[in-house]
1. Would you work out the charge dipole size for the chain about its Cα centre, treating the Cβ of every Lys and Arg as +1 and the Cβ of every Asp and Glu as -1, and quote it to the nearest 20 debye?
2. Let me test this: with uniform point scatterers at the alpha carbons of the chain, what is the Debye-based log₁₀ I(q)/I(0) at q = 0.07, 0.12, 0.15, 0.16 1/Å?
3. For the chain, what's the relative contact order in percent, using C-alpha pairs closer than 8 Å and at least 6 residues apart?
4. Straight-line reach from Lys203: which aspartates and glutamates have Cα under 17 Å away, leaving out those fewer than 8 places along the same chain?
5. If the cut-off is 14 Å between C-alpha atoms, which aspartates and glutamates fall inside it for Lys2, apart from same-chain ones fewer than 8 positions away?
6. Counting each DSSP H run of 4 or more residues in the chain as -39500 (n - 2.57), what helix-only mean residue ellipticity at 222 nm follows after dividing by all residues, to the nearest 500 deg cm²/dmol?
7. Between their Cα atoms, which of Lys56/Lys186; Lys20/Lys186; Lys186/Lys293; Lys20/Lys49 are more than 21 Å away from each other?
8. Sort His73, His209, His221 so the one with the fewest other Cβ atoms within 10 Å of its own Cβ comes first.
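Just so it is clear, none of the values below were taken in a lab; they were calculated from the coordinates. These figures come from a predicted structure and were not determined experimentally. For neighbour counting, all protein chains shown are included, and Cβ atoms are generated from backbone atoms with ideal geometry for every residue, glycine included.
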Amino acid sequence: MKDKRLRQLFALLGDRSKPKALSAQVINREEQNGYLLESLLLDLNGLEKVPAYFAKPLDADGVLPTVIFNHSHGGNFEQGKEELLRSSSYLQNPSFVAELTGLGYAVCSIDMWGFNERKGKQESELVKEMLLNGQTLWGMRLFDSLSLLDYLETRPDVDSTRLATIGMSMGGLMSWWLAALDERIKVSVDIAGQVHIESLIKKRGLDHHGFYYYVPGFLKHFSTLAVQELIAPKPRLSLAGKDDRMCPIEGVQYLNTQLQKTYTNQHAPQNFEGFVLTGGHQETREMRALWKKFLVKHL
């Protein structure tokens, strides 16, 4: 049944473009404060090369648990994967690369379609062009991340049995979608990304999110909860601020309650943690402490 639902979900996301063969080019390798940073150019979709960062602790030896960091949107198309190295205004410091490598993990991040080194076309243009070709922008962004998993499996310094994903806002959405679509993601953390699309409609909040996120026909066949239940029983942490208008509180509370039941029914109640905390659309100090503790426990 789960395989059938996944096939349906993939079909809604549109046609997927794959490279004939995965390839990776190392553009630069440099030592930073406590970690080694690689700048890469990856072939993940066969259409255009994807700039990426891969970082690991300087003293790393052998294979490492690895975290995919999904950058946020924020209307800042200059930022992209740079958010891994330099936190956005709504993220805490130190940066995610410093925190994650400091915990002993490797971390990888890519520029999503339309961002930073891939910002040649406006997001609205990408949406229209992809729809005309039977694709969706959200699907294409997800497919790049899925191919990134394929790449990580080829690296001798990555423990492919211990892969996690984390992000805020659009990056948080990417985290739980990626965990739902692929069993290789063992742990997921979403910050300000617990968006219950049905509550968003009731609150007339659809315009709080960009066109990139809308998948034709989604609600005819799925619900937000149905997608998130595909993650269970894998460990997942969801963090939301009580004053975040982009994640209506009624929807967050509904999803958290229902998911706790789902995880309990699958005999893994300890694997889901959902919090509504002080704050808005941001990562707070409290959230930072919680996700670090969660990763250490489960990854």
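1. Charge dipole of the chain: 880 debye, to the nearest 20.
2. These q points yield log10 I(q)/I(0) values of -0.23, -0.74, -1.23, -1.43.
3. So the answer I get is 17 percent.
4. Asp243, Asp244, Glu250
5. Asp182, Glu183, Glu229
6. That calculation yields -10500 deg cm²/dmol at 222 nm.
7. Lys20/Lys186
8. The fewest-first ordering by Cβ neighbours comes to His221, His209, His73.
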